[in-house]
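Contents: one structure, followed by commentary.
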Amino acid sequence: MSGILGMWNLNGRPAEKAVLAGLSETLAHRGPDAEGLWVQGSVGLASRLFRVTPESSTETQPLVQASGAVVVFDGRLDNREELLKDLKSSCDISAASPDPALVLAAYEAFGDQFPERLTGDFALGLFDPKRHRLLVARDAIGVRPLYYYRSQDLFLFASEIKAILAHPQVAAQPQDDCLAGFLLDGTLDSQGMTFFKDIFGLLPSHLAVLTPDEFRTRRYWDFDLARQTRFKSFPDYAEAFRHHLEQAVGRRLRSAYPVAVSVSGGLDSSSILCLAETLRQRGRTHYPPLLGISYTSADGTPSDEKAFLLEIERAYGIAIERIPTRLGSLQGCRDAVWSVESPFMDNQWNTTHRLLQTARSRGARVLLTGHWGDQILFTPDYLNDLFDHLKWGQVWTHLEEIGRWCTDVDPWQLRRGFVHDLVRRHVPEALIPWLRRLRAHLTRSTPSHLWYTEGMRKRAWRFANSQPHADGRFPTAYARALYKEARSKYYGLCMEWNNKVASRNGLEMAFPFFDRDLISFLMSIPGDMQAWKGVPKAILREALRGVLPEAIRERRWKADFSDLVNAGRERDYPQLVQCLQAEEMAVKFGYVKGTVLRKDFARIKERIRGPNCAVSWGLSDLLGLELWLQVFFGKNNNIHTGLRTRPCGLPTT
């Protein structure tokens, strides 16, 4: 988790070191270990270094090659041994070389194809003065954020948007289409638009090349949909899966400092901690000490998972630090919005912030999580493939078995979901936004939409219809679903949020379940191997037999935090209303109908305690929008000086 940025005055004006240093200052939280600036002519690069891996102890950035090429790099390379073999002719490279040195050597050896040789989580910028061009690239999944701005006279790239906004030639403006799509329809732009006008995120698996004459981007890697992996038996699939999961976890344990693991007691996060501890105790490779950290709920509540933490502690002889969950999310929420650079509010922000602070205070620099295990390890779309192959009896058997394992889900809801997915597969993609809008209208599932103006609703409608639809090259419904999960813009945005919030707390967040090789393997096997005989995540449960405590391996329910979220929102409601009324930025920008919202304030609180979190989520979206507008566009805004105290009365961290 380092901070990188670059600027190129395309009009030939010399790059000013003072301007570059000012932009770098906005990324100081991403790299407390060292700062580096490099300027040559009209180009400048900067780095804020955060040392994590053993090899990074001697690292300096920007790193300049003997040829003159210079790189700034935020990331972790996972295929170092392979690269070292391919680069053995380079006398400057050794097993102790830091990752940026391998990146430069790969560029010298393979030219523009060098990103294809890199495996891991990374974002980079590389300037070649001999060829007078700049290259920026991002990892295959998009774990590390990277943004850019381009005008006729200027090109900027940076790890965070605030560094771009700090440039005197860049005016901060909202991107109204993205805001409307995200808030009203959950739609995100698939071409890299952000919530800020004229600032784009480089897409995962993409390389961008800039010269004085042109700017072009291309995808340098994608999942091989033609790949097929077949074994004789389900245990063989589980054994191969364990190999890939061990590799995914081991890659993220490469740290010179203790590694923290956020563990709830659920199947996914427990798998990460137990497998990591197994690898560490096995001793074949040196791994750092592990720190298990969990946020816990009151005894007997729907979100109480402490009994499963005890199972792990007994099995491995370790102690997991408990952090009691805290109601509400308003404490320090300005800092949260400033960090994520989006109109988004985490409903459990206070607990999340405390967990991150605890991990850092214990000496960790990396935090592993079980995020996106649900999405990657179980997608019921494989049932559509069974249906298409006329295995209707097997479909029914699997639906029955899934219901026995998901005891906290209504069985009829599972069946309705299957029918919905089956129908959706045979409906033209162009009709999907219309059907989604019709369903929302008929079910009134989004009452908070009434707060938004007609202009916002129209924008959301047009924006959703303007997004390109998925093509039909997928061999199975299962492969298509897993690919969409791995390429989801929403999950990509969530990874960026997690990365930036963690960086504010001196941590690098890592997601083993979003390892590209693990996903590639899962995409290549038959879908019913993931859920063997209808057991959700059967391949994980079988692969970690003897690693996971049986009580967790056989777990059949998930924690429900709805009561906590609603109670926190209800407690904070007066302060939330105060914030929304302080400046009414959302009203002034024409996004929200102030008269409707003000009349609704008295009734909204009564609807918070419902059967779900719909009202709380709607309020969080509204609060996130208001805070985002105040922080980045309000009357007291000064992007160049960082986080400000605002007049709405909410405390900062």
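Summary table below
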{"quantity": "Some residue of region 495-516 being under 21 Å from the mean Cα position of the chain (by Cα), on the phi > 0 side of the Ramachandran plot and outside any helix (DSSP H, G or I)", "calculated": "yes"}
{"quantity": "Residue list for region 115-133, restricted to those being over 23 Å from the mean Cα position of the chain (by Cα) and surrounded by 23 or more Cβ atoms within 10 Å (Cβ to Cβ)", "calculated": "LEU126, PHE127"}
{"quantity": "Single unsatisfied condition, GLY6 versus (1) touching a residue at least 60 places away in the same chain (Cβ under 8 Å); (2) buried (at least 22 other Cβ atoms within 10 Å of the Cβ); (3) in contact with an Asp or Glu (Cβ under 8 Å, 6 or more places away or on another chain)", "calculated": "(3)"}
{"quantity": "Only listed residue being on the phi > 0 side of the Ramachandran plot and under 21 Å from the mean Cα position of the chain (by Cα), chosen from GLY201, GLY192, GLY181", "calculated": "GLY192"}
{"quantity": "Single unsatisfied condition, ALA364 versus (1) under 18 Å from HIS29 (Cβ atoms); (2) more than 18 Å from the chain's Cα centre (by Cα); (3) assigned to a helix (DSSP H, G or I)", "calculated": "(3)"}
{"quantity": "Which listed residue is basic (Lys, Arg), part of a helix (DSSP H, G or I), assigned by TED's automatic domain parsing to the domain that holds SER524 and modelled with pLDDT of 95 or more, from ARG230, ARG242, ARG254", "calculated": "ARG242"}
{"quantity": "Residue match in region 353-368 (condition: surrounded by 22 or more Cβ atoms within 10 Å (Cβ to Cβ), modelled with pLDDT under 95 and closer than 30 Å to ILE161 by Cβ)", "calculated": "yes"}
{"quantity": "Subset of region 84-126 that is in a helix (DSSP H, G or I) and aromatic (Phe, Trp, Tyr) - its residue that is nearest to GLN65 (Cα to Cα)", "calculated": "TYR107"}
{"quantity": "Any hit, region 189-211, residues being touching a helix residue (DSSP H, G or I) at 6+ places or on another chain (Cβ under 8 Å), assigned to a loop (DSSP other than H, G, I, E, B) and of a type in the set (A, V, I, L, M, F, W, C)", "calculated": "yes"}
{"quantity": "Search result, residues across region 138-155 that are of a type in the set (A, V, I, L, M) and surrounded by 24 or more Cβ atoms within 10 Å (Cβ to Cβ)", "calculated": "ALA140, VAL143, LEU146"}
{"quantity": "Any chance ASP213 is over 21 Å from the mean Cα position of the chain (by Cα) and modelled with pLDDT under 95", "calculated": "yes"}
{"quantity": "Inter-residue pairs, beta-carbon under 8 Å, first among the acidic types (Asp, Glu) and in region 613-633, second at pLDDT 95 or above and outside any helix (DSSP H, G or I), 6+ apart", "calculated": "ASP621/PRO343"}
{"quantity": "Where VAL337 falls short, out of the listed (1) in a strand (DSSP E or B); (2) under 30 Å from ALA166 (Cβ atoms)", "calculated": "(1)"}
{"quantity": "Pairs with Cβ under 8 Å, 6+ apart, first in region 410-427 and over 14 Å from TRP396 (Cβ atoms), second not in a helix (DSSP H, G or I)", "calculated": "GLY417/PRO380; ASP421/PRO380; ASP421/ASP381"}
{"quantity": "Residues of region 42-70 that turn out to be free of Cβ contacts under 8 Å to residues at least 40 places away in the same chain and either touching a Leu at 6+ places or on another chain (Cβ under 8 Å) or farther than 26 Å from ALA256 by Cα (or both), as a count", "calculated": "5"}
{"quantity": "Pairs, first closer than 13 Å to LEU518 by Cα in region 217-241, second modelled with pLDDT of 95 or more and acidic (Asp, Glu), C-beta under 6 Å, six or more apart", "calculated": "ALA238/GLU542"}
{"quantity": "Elements of type strands (runs of 3 or more DSSP E) contained in region 131-176, each with 1 or more residues being out of contact with any Lys or Arg (no Cβ under 8 Å at 6 or more places or on another chain) and among the hydroxyl-bearing types (Ser, Thr, Tyr)", "calculated": "147-150"}
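The values are calculated or read from the model by the stated rules, or taken from the named source; none is laboratory data. In this text, all values refer to a predicted model and were calculated from it rather than measured experimentally. So basically every Cβ, Gly included, is an ideal-geometry build from the backbone, and we count neighbours across all protein chains shown.
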